[in-house]
Amino acid sequence: MAPQVLTILGSTGSIGVSTLDVVARHPEQFQVYALTGATQLDKLHDQCLAFAPRFAVVLDDGAAEVLRARLKASGSETEVLCGEAALEAVASATIVTAVMAAIVGAAGMRPTLAAARAGKRVLLANKETLVLAGRLFMDEVTRCGATLLPIDSEHNAIFQVLPRAYREAPYASTLRDAGLKRILLTASGGPFRTRSLDTLAQVTPEEAVRHPNWSMGRKISVDSASMMNKGLEVIEARWLFNADVDEIAVLVHPQSVVHSMVEYVDGSVLAQLGAPDMRIPIAYGMAYPARIDSGVASLDLFSVGRLDFEAPDLARFPCLRLAFDALRAGGAATAVLNAANEVAVAAFLDCGLDYPGIPALIESVLGDCVGQTRADSLDALMDADVLARERAHAWLARRH
């Protein structure tokens with residue numbers, strides 16, 4: 001078989017690095033066409049030398065000039081491009097068969113949508129694409145014949161335990177028609193699952209990014225601590241699997257061994273288990289429907305010893321409640337939620353907002369923007385994103 005030709009959107013982030021690790025284990029099966037990054041130019045330079053992509057894409061001219069000079073000095077033939085149009089071009093190029101969509105934030109939405117419209121195999125690790133434009137994106141996947149494979153460990157787990165006909169064409173029927181009752185998303189509970197509520201105002205960014213099980217970027221780690229990450233995953237699950245909001249539940253599972261479950265109407269519950277290593281869902285998505293070695297050690301259930309589950313405490317994790325509220329509100333509410341959260345987390349990481357201020361800001365912006373935004377086009381959704389960011393920054397300015 002001819003190797004798959006990959007574009008990796010966000011190759012310098014944790015998902016991109018893990019994807020390239022899998023590629024390196026199977027050079028006969030995967031060929032890298034393009035790598036993209038933003039600020040980690042040293043890492044992108046080294047990746048280009050190791051994998052010899054045809055293109056490297058960065059966001060601005062200054063970074064492009066620096067990377068271009070460094071690659072030329074290193075003897076690399078990789079061509080450097082810059083800008084959003086270049087991201088869309090390498091995601092939709094005719095030669096490309098699969099696109100790893102791992103750019104964090106709203107910036108990843110347009111190139112991911114371009115890949116779907118080009119009918120690619122889309123390995124979706126960018127939450128915002130579905131959070132901002134779930135209905136629009138799924139409509140394009142169906143219309144253009146793209147193959148959509150979720151890479152988030154939880155959604156990948158759900159995908160694996162769904163009936164094959166349903167996971168490959170969820171909009172051809174409903175969960176109930178496929179014999180399914182509900183989706184059970186698991187959450188670790190993050191670093192503050194048992195911390196005293198009256199000390200949360202003293203949480204530091206360093207504490208928030210110290211996840212007990214997973215190694216992730218700073219923004220995603222804060223989202224995991226607040227359980228906004230899980231709220232965004234609830235929204236994703238609604239669109240990925242054609243599930244109503246009341247057909248999705250969240251369970252806190254501190255060991256992060258059961259990555260998610262599906263309950264069938266006959267009472268059966270099927271789960272996918274594995275070590276907390278993103279190379280498992282990445283390898284699954286890259287090779288689907290076959291399976292390949294991911295490089296991850298076998299799960300030792302004897303050392304795990306026990307599996308615990310508990311209901312999420314919405315007083316401790318108000319961001320999870322806000323995500324469910326936004327999903328029920330419909331329209332552009334989830335786009336507003338996501339934008340407000342990005343501003344809030346950035347302010348927290350910059351020590352400009354305390355930890356309880358994250359949900360406070362988001363709730364205020366939702367109240368200001370819902371009803372003033374539309375969701376009938378990508379441009380309208382991006383306008384909602386911009387409005388939410390403006391209101392979020394205004395909220396922060398009033399606090400100082």
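Among the residues of the range 149-174, those that are in a helix (DSSP H, G or I) and over 26 Å from Met278 (Cβ atoms) comprise Ala165, Tyr171, Ala172. When the strands (runs of 3 or more DSSP E) confined to the range 1-78 are screened for residues that are surrounded by 21 or more Cβ atoms within 10 Å (Cβ to Cβ) and in contact (Cβ under 8 Å) with a residue 60 or more places away in the chain, those reaching at least 3 such residues are found at 4-9, 30-36. Cβ-Cβ contacts under 8 Å between residues 6 or more apart (or on different chains), taken from a first residue in the range 274-288 that is outside the structural domain of Ser14 (by TED's automatic domain parsing) and among the aromatic types (Phe, Trp, Tyr) to a second residue that is surrounded by 19 or more Cβ atoms within 10 Å (Cβ to Cβ) and in a helix (DSSP H, G or I), are listed as Tyr284/Asn156; Tyr284/Gln160. Here Phe324, Phe309 are screened, and the one residue that is in the same structural domain as Thr204 (by TED's automatic domain parsing) and farther than 21 Å from Ala107 by Cβ is Phe309.
Residue selection: Ala201 fails the criterion of being in contact with a helix residue (DSSP H, G or I) (Cβ under 8 Å, 6 or more places away or on another chain), touching a residue at least 12 places away in the same chain (Cβ under 8 Å), not assigned by TED's automatic domain parsing to the domain that holds Ala344 and not aromatic (Phe, Trp, Tyr). Do we find that Ala118 is surrounded by fewer than 20 Cβ atoms within 10 Å (Cβ to Cβ), more than 20 Å from the chain's Cα centre (by Cα), among the aliphatic types (A, V, I, L, M) and at pLDDT 95 or above in this structure? When the stated conditions are applied, Ala118 passes them.
Scanning the range 115-126 turns up no residue that is part of a helix (DSSP H, G or I) and over 26 Å from Asp376 (Cβ atoms). Of all residues in the range 243-266, those that are farther than 14 Å from His155 by Cα have Cβ atoms under 7 Å from Cβ atoms of residues that are in a helix (DSSP H, G or I) and of a type outside the set (Val, Ile, Thr), 6 or more apart or on another chain, in Val245/Arg238; Val245/Phe324; Val245/Leu327; Val245/Arg328. Annotation: of all residues in the range 127-148 being among the aliphatic types (A, V, I, L, M) and outside any helix (DSSP H, G or I), the one that is nearest to Met261 (Cα to Cα) is Leu148.
Of the residues that sit in the range 175-225 and are part of a loop (DSSP other than H, G, I, E, B), closer than 23 Å to Glu128 by Cβ and hydrophobic (A, V, I, L, M, F, W, C), which one is modelled with the highest pLDDT? Looking at the filtered set, the residue picked out is Val209.
With a requirement of 2 or more residues that are under 19 Å from the mean Cα position of the chain (by Cα), of a type in the set (Ser, Thr, Tyr) and surrounded by 15 or more Cβ atoms within 10 Å (Cβ to Cβ), none of the strands (runs of 3 or more DSSP E) lying completely within the range 233-352 satisfies it.
The values are calculated or read from the model by the stated rules, or taken from the named source; none is laboratory data. For clarity, every value in this text was computed on a predicted model and none was experimentally measured. Ideal geometry is used to build each Cβ from the backbone, glycine not excepted, and the neighbour counts take in all protein chains shown.
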